[in-house]
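Single-structure report; data block below.
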Amino acid sequence: MIQIDHLSFAYGGRRPAVFSDFALTLESGGIYGLLGKNGTGKSTLLYLIAGLLRPGRGSVRFLGQETRSRRPELLEELYLLPEEFTLPPVSLRRYAALNAPFYPRFSAGLFAQCLRDFDLAPTDNLAELSMGQRKKAIVSFALATNTRLLLMDEPTNGLDIPSKSQFRRVVARSMTEGRTLVVSTHQVHDVEALIDRVVMLDGGRLLLDRSVADICARLCFEERPAGSPVDDALYVQPTVHGNAVVRRNDDGRDTPLDLELLFGALLERPDLWEQATDKR
């Protein structure tokens with residue numbers, strides 16, 4: 001669905017390039033977790049995919065067309081939810097009425113359901129909502145657009161713990177076959193249970209692009225008490241109670257994915273995935 005080839009981009013001045021000869025393919029369907037530290041290029045990549053930024057070199061294609069063209073037939077199939085946004089002082093019902101016509105498959109029923117799930121009402125005025133409530137309102141609208149591609153930049157920022165659980169339930173229920181969601185975040189625990197595929201960036205380079213199933217088939221994530229042996233570990237991170245360990249999954253165990261641990265491991269050992277997949 002999205003094909004990025006030989007992408008180079010810089011903001012100008014003397015600042016270093018964000019991307020240089022970068023390549024990535026995102027297939028249709030499922031939820032991608034776009035992960036990385038602050039300032040590593042996650043938001044920039046989303047804006048490039050949406051066509052709001054133009055590459056210095058290379059191409060970004062969505063449905064076979066360059067996104068920089070911003071053609072109407074592309075825009076009606078793409079929605080970008082930025083980290084920061086401004087909303088007009090109108091009711092949620094009025095906001096939807098003004099913006100839904102830009103998205104041919106907008107679902108009023110799904111919008112209403114998402115609002116109920118988030119404990120919001122169509123009559124609520126956006127100007128009177130808290131930051132977290134406004135975030136839930138715009139997430140509801142984004143999901144209701146039913147675009148083939150939905151990009152979300154730090155969607156859980158501003159949400160309290162119960163609201164983050166609501167967010168995961170609403171997103172999971174709103175996904176349909178053929179729809180692709182890319183969630184950019186540095187709060188990895190907020191999306192661990194949602195994503196199907198992991199894309200990790202660091203300094204404009206691609207650290208990892210693998211499905212969750214593939215990662216868990218090749219790696220185990222374990223907590224070991226202090227003093228336990230770690231000679232079989234690919235990566236060890238000290239914890240309060242001992243060590244968090246990443247090791248090869250040589251015994252077919254199924255352990256929950258720990259994205260924060262995996263990211264730290266890849267930053268320290270960029271060859272970790274090759275070590276995990278090396279046939280001995």
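The values are calculated or read from the model by the stated rules, or taken from the named source; none is laboratory data. All of these numbers come straight from a predicted model, not from anything done at the bench. Every residue, glycine among them, receives a Cβ derived from its backbone with ideal geometry; neighbour counts consider all protein chains shown.
Taken together, 234, 266, 257 contain a single residue that is assigned to a helix (DSSP H, G or I), at pLDDT 90 or above and of a type outside the set (Phe, Trp, Tyr), which is 266. Once segment 58-107 is narrowed to residues that are assigned to a loop (DSSP other than H, G, I, E, B) and aromatic (Phe, Trp, Tyr), the residue that is modelled with the lowest pLDDT is 85. Return a yes/no flag: does segment 108-124 have any residue that is modelled with pLDDT of 95 or more, more than 16 Å from residue 181 (Cα to Cα) and in contact with a His (Cβ under 8 Å, 6 or more places away or on another chain). No - not one qualifying residue is present in segment 108-124. Within segment 148-164, is even one residue modelled with pLDDT of 95 or more, part of a helix (DSSP H, G or I) and polar (S, T, N, Q)? No; the residues of segment 148-164 include none that is modelled with pLDDT of 95 or more, part of a helix (DSSP H, G or I) and polar (S, T, N, Q). Remark: residue 188 falls outside the filter, which requires a residue to be closer than 21 Å to residue 62 by Cβ and among the aliphatic types (A, V, I, L, M). Does residue 141 meet the test of being in the same structural domain as residue 47 (by TED's automatic domain parsing) and modelled with pLDDT under 95? No; evaluated as a whole, the condition is false for this residue. Scanning segment 174-228 for residues that are of a type in the set (Ser, Thr, Tyr), surrounded by 18 or more Cβ atoms within 10 Å (Cβ to Cβ) and either farther than 24 Å from residue 77 by Cβ or in contact with a helix residue (DSSP H, G or I) (Cβ under 7 Å, 6 or more places away or on another chain) (or both) turns up 174, 184. Would you check if there is a residue in segment 47-57 being part of a strand (DSSP E or B) and under 24 Å from residue 202 (Cα atoms)? Looking for residues that are part of a strand (DSSP E or B) and under 24 Å from residue 202 (Cα atoms), one finds at least one in segment 47-57, hence yes.
Filtered by the rule that a residue be among the acidic types (Asp, Glu) and touching a residue at least 60 places away in the same chain (Cβ under 8 Å), segment 259-280 gives a lone residue, 260. For segment 36-66, the set of residues classified as farther than 13 Å from residue 7 by Cβ, touching a residue at least 40 places away in the same chain (Cβ under 8 Å) and touching a helix residue (DSSP H, G or I) at 6+ places or on another chain (Cβ under 7 Å) consists of 36, 50, 62, 63, listed by residue number.
Each row is one residue, and each column tells you yes or no for (1) under 24 Å from residue 5 (Cα atoms); (2) surrounded by fewer than 18 Cβ atoms within 10 Å (Cβ to Cβ); (3) over 23 Å from the mean Cα position of the chain (by Cα).
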| position | (1), (2), (3) |
| --- | --- |
| 68 | yes, yes, no |
| 74 | yes, no, no |
| 92 | no, no, yes |
| 98 | no, yes, yes |
| 103 | no, no, no |
| 115 | no, no, no |
| 119 | no, yes, yes |
| 125 | no, yes, yes |
| 162 | no, yes, no |
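Pull out all pairs, ordered by first then second residue, where Cβ-Cβ is under 8 Å, the residues are six or more apart or on different chains, the first lies in segment 227-246 and is closer than 22 Å to residue 273 by Cα, and the second is basic (Lys, Arg) and assigned to a loop (DSSP other than H, G, I, E, B). Partner pairs satisfying both residue conditions: 234/269; 235/269. Taken over segment 113-147, the criterion of being assigned to a loop (DSSP other than H, G, I, E, B) and at negative phi is satisfied by 118, 120, 121, 122, 123, 124, 129, 130, 145, 147.
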